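Everything below concerns the one structure shown next.
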Amino acid sequence: MQINLSGQHFEITPHLRDYVNEKVPKLSRFFDPIPLIHVVLKVEKMQHIAEATLQANGEDLHATAREATMTAAIDSLIDKLIRLLKKHKDKRLHH
């Protein structure tokens with residue numbers, strides 16, 4: 001799995017990079033293979049935003065999370081992506 005990580009309006013610290021690299025591989029338990037995931041971390045006023053786009057069997061899945069801290073936003077984003085992947089997997093199994 002290739003992880004592209006970028007930041008808008010702030011510099012990505014090594015701690016955040018390690019945190020994302022630790023959390024994202026959990027997604028492969030729910031849907032395999034995921035060849036590419038693009039994560040964008042942003043700060044707008046007092047909100048921290050984490051967005052991700054991933055490819056699963058030719059379809060792009062997108063999720064966004066807004067929280068008070070960046071680590072909470074990343075955790076919320078991973079939870080949303082897990083729900084999306086489970087839903088996508090169920091659709092593929094029933095069709």
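The numbers here are math on the coordinates, done by the rules we state, and not lab data. These numbers were taken from a predicted model, which means no experiment stands behind them. No Cβ is skipped: glycine too gets one built from the backbone with ideal geometry, and neighbour counts run over all protein chains shown.
Structure above, values below:
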{"quantity": "Ascending count of other beta-carbon atoms within 10 Å, so fewest first, for Val40, Val20", "calculated": "Val40, Val20"}
{"quantity": "Taking the chain and dividing mean pair separation by its residue count, relative contact order in percent (alpha carbons under 8 Å, at least six apart)", "calculated": "26"}
{"quantity": "Amide H contacts under 5 Å for Ala56, placed H, 5+ residues apart", "calculated": "Leu61"}
{"quantity": "In nm, spacing of pseudo-spin labels at Asp75 and Glu44 (7 Å Cα→C-beta vector)", "calculated": "2.3"}
{"quantity": "Phi to ³J(HN,Hα) by Karplus 6.51 cos²θ - 1.76 cosθ + 1.60 over the range 26-31, Hz, x for Gly, Pro", "calculated": "4, 5, 5, 5, 9, 8"}
{"quantity": "Theoretical ellipticity at 222 nm over the chain - DSSP helices of four or more residues, -39500 (n - 2.57) apiece, nearest 500", "calculated": "-12500 deg cm²/dmol"}
{"quantity": "Spacing of the two label points (7 Å from each Cα toward its C-beta) at Ile82 and Met1, in nm", "calculated": "1.2"}
{"quantity": "Degrees separating the helix 70-94 axis from the principal Cα axis of the chain, which is the longest one", "calculated": "10"}
{"quantity": "15 Å Cα cut-off, lysine pairs counted over the range 2-94 (separation 8 or more, or different chains)", "calculated": "4"}
{"quantity": "Added length on full extension, which subtracts the Cα-Cα distance from 0.36 nm per residue, Phe30 to Asp90", "calculated": "20.5 nm"}
{"quantity": "Kirkwood-based Rg to Rh ratio, the chain, C-alpha trace", "calculated": "0.98"}
